[in-house]
Amino acid sequence: EAIRFAKKAGVKMIVAVNKVDKEGADVNRIKQQLSEQDLLVEEWGGDIVVVEVSAKTGQGMPELLEMILLVADVEDLRADIDIPATGLVIEAHMEQGRGPVAIALVEAGKLKAGDFVVAGTTYARIRNLESTDGQPIKEAGPSTPVVLTGFKALPEFADEFVAVNDEKTARLTANSNIE
């Protein structure tokens, strides 16, 4: 499934082969299985990066991080910050004195306190924008987890959020998502 998504998105893949510290681990078998999916590894003349890792011992982790940075640099991967903020709600709960609180991950754009956002069938004017350790922040860019307050109702887990220009647009968009 991950291969299908990556192919559809047309992105470069890095494959981390885990559990290489276990007896009987056969990395060449994995490489063969990748080639059966039309994914040819670099050492066989293709463009798929394969890194052997062990989550248990930490083996290969520095190399994996290095390869991620290298591929991002070579492919010139940059997040778009000049668009309305979008992201994903990863947790939501009620807090006494604060009301609906959402923990979200900003995926693109820049999110600021005071912005209007729509998440599923609810919306908010962001009252407080905080890091996940509770520190207030002025803005959050891509790949930043944040805590948001100011929602009219509790958003759902996995709701996508998008920043909009004003409260009227937020209310109309949220109401159109009810069905």
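Values quoted throughout were computed directly from the atomic coordinates according to the rules given, and no laboratory measurement underlies them. Since the structure is predicted, the reported quantities are computational estimates derived from the model, not experimental observations. Here the Cβ positions follow ideal geometry from the backbone for every residue, glycine too, while neighbour counts run over all protein chains shown.
The table below lists the values:
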{"item": "Under 28 Å from the Cα of LYS112 - lysines, other chains or at least 8 residues apart", "result": "LYS138, LYS152, LYS168"}
{"item": "For the range 108-118, 3J(HN,Hα) per residue [Karplus equation, 6.51 cos²θ - 1.76 cosθ + 1.60, θ = phi - 60°, Hz, x = Gly/Pro]", "result": "8, x, 10, 9, 10, 4, x, 5, 9, 10, 10"}
{"item": "The range 1-57: relative contact order as a whole-number percent, Cα under 8 Å and 6+ apart", "result": "41"}
{"item": "Among SER143, SER54, SER131, residue whose mean-square fluctuation peaks in a GNM of the chain (springs only between Cα atoms under 10 Å)", "result": "SER54"}
{"item": "Trypsin sites (Lys or Arg not before Pro) restricted to the range 79-179 and DSSP loop, no more than 16 other C-beta within 10 Å", "result": "ARG98, LYS138, LYS152"}
{"item": "Alpha-carbon centroid distance for the pair the range 68-142 / the range 30-46, whole angstrom", "result": "37"}
{"item": "Correct option for Rg/Rh (Cα atoms, Kirkwood Rh) [calculated from the coordinates] among (1) 0.97; (2) 1.17; (3) 1.10", "result": "(3)"}
{"item": "Largest-first ellipsoid semi-axes for the range 31-111, taking √(5λ) over the Cα gyration tensor eigenvalues, angstrom", "result": "37, 19, 13"}
{"item": "Normalised contact order of the chain, rounded percent, pairs of Cα under 8 Å and 6 or more residues apart", "result": "18"}
{"item": "For peptides 154-164, 1-11, 37-47, sequence by mean Cβ density within 10 Å, most packed first", "result": "154-164, 37-47, 1-11"}
